[in-house]
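See below for the structure under consideration.
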Amino acid sequence: MLLREVGYARPATVEDAVSLLASHDGARPLAGGQTIVNVMKARAAAPDVLVDLADLHELRAIGFSSDGLLEIGAMVTYTQLMGSSEVEVARPILAEVASTIADVQVRNRGTVGGNVCVSDPTNHLPPLLVALGATFTIRGSAGERTVPADEFFLGVYMTAVAEGELLTKVSVPPSSGAGDGFAGVTIGRHGTYIVDAAAAVSGDDVRIALGCVAATPVRATAMEERLTGNDLSEESVRSAADGLGASLDPPSDVHGSADYRRHLAEVSAVRAVLQAAGRRKEK
Ligand SMILES: Cc1cc2nc3c(=O)[nH]c(=O)nc-3n(C[C@H](O)[C@H](O)[C@H](O)COP(=O)(O)OP(=O)(O)OC[C@H]3O[C@@H](n4cnc5c(N)ncnc54)[C@H](O)[C@@H]3O)c2cc1C
């Protein structure tokens, strides 16, 4: 289907992008276009103006902040993540997971900012960034603010980025010996997940986030508490996951019933934690 007529702007600076977004009701950022263009073709969204972020080179950078956080610009593509030496040093799980998203075309165009701002419950990055304890920097006409991952995802297609605002970067703590894991079951190879789980294990601290079981990533806090300070043997991780499925209220659809998703949530969380525990540098 052809797109409905839409205004188009291609600002040269982040300030111009923010002022365009703030001054037009119905203006939306255009990043890789892998979701928004399809949604517009399906007439599920009809922005009046697309503010193309393609020329905002500062949003394409990957680097480190003065306090050692890995900083990923909102316009960094999955392909860039996969080839980044900074990501490899600080948090290689990001490259690993990015390499499993869809296909080469989507990985070349799709961006970190688009992936999280669309807040699709089946997207790979939201649960991973929650488990890693990332923070999100949002710029608007009133200035800049930082939002932790646990508060960023508000619902399907809804995040802490308000109308007129722009996500500029995602900051991820360096692993410092932590181990990270990601596991789940996809509809097909390189496909969308039916359920996934991400885990980060650092010293005594365990963070686990589940994807595809609710509108936004779900922290498995009871399982985290049971594991914190305990040994991460297969037996104790399995026992900590007991009851996790029953605490969830996942959807039922053509790909899996709610009960099947509850089961997958337990299996995926166990696999993600064991993978993360096995990758820790300090033991
Ligand atoms: C065939 C296919 C299969 C896919 N499979 C998967 C998959 O398995 N896993 C997965 O994770 N993803 C998958 N995707 C989605 C893909 O990852 C998209 O790239 C992603 O959802 C959106 O990123 P984008 O850069 O293309 O954003 P766009 O489509 O350009 O934008 C998406 C939304 O985010 C907003 N936005 C973008 N950037 C910003 C910003 N900086 N600040 C504020 N708002 C912003 C836009 O206004 C829009 O509403 C798939 C896509 C396709 C086409």
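A few remarks follow.
- Calculated P(r) of the stretch 144-229 - Cα pairs past 21 Å, %: 44
- For the stretch 105-187: rounded, prolate or oblate by the Cα gyration tensor [a/c cutoff 1.5]: oblate
- Annotation: extensible slack from Tyr157 through Ala246 equals 29.4 nm (criterion: 0.36 nm per residue apart, minus Cα-Cα distance).
- Additional length obtainable on full extension of the chain from Ala44 to Ser23, 0.36 nm per residue less Cα span: 5.3 nm
- The mean sequence separation of alpha-carbon pairs under 8 Å and at least six residues apart, normalised by the residue count of the stretch 115-192, gives a relative contact order of 32 percent.
- Once exposed loop GluC sites (Glu not before Pro) are cut out (DSSP; at most 14 other Cβ, 10 Å), longest piece of the chain: 6-162
- Measuring max minus min along each principal axis, the C-alpha atoms of the stretch 31-82 give extents of 44, 22, 17 Å (largest first).
- Normalised by the number of residues in the chain, the mean separation of alpha-carbon contacts (under 8 Å, six or more apart) gives a relative contact order of 16 percent.
- Cβ-derived FRET efficiency at R0 25 Å, Ala102 paired with Asp55, nearest 0.05: 0.50
- Percent accessible area from carbon and sulfur atoms, the chain, protein chains only, probe 1.4 Å: 51
- A convex hull fitted around the alpha carbon atoms of the stretch 155-283 yields 128 Å³ per residue.
- Ranked from largest, the principal axis spans of the Cα set of the chain equal 57, 46, 34 Å.
- The calculated 222 nm mean residue ellipticity attributable to helices in the chain amounts to -9000 deg cm²/dmol, summing -39500 (n - 2.57) over DSSP H runs of n ≥ 4 and dividing by all residues.
- Length released on extending from Ser239 to Glu225, taking residue separation times 0.36 nm less the Cα-Cα span: 3.8 nm
- Annotation for the stretch 116-137 versus the stretch 1-31: alpha-carbon center distance of 23 Å.
The values are calculated or read from the model by the stated rules, or taken from the named source; none is laboratory data. Just so we're clear, the structure is a prediction, and the values are computed from it rather than from any experiment. With ideal geometry, Cβ positions are generated from the backbone for all residues, glycine too; neighbour counts draw on all protein chains shown. Accessible surface is based on the protein model in full, side chains and every heavy atom, while ligands, DNA and RNA are left aside. Shrake-Rupley method; radii C 1.70, N 1.55, O 1.52, S 1.80 Å.
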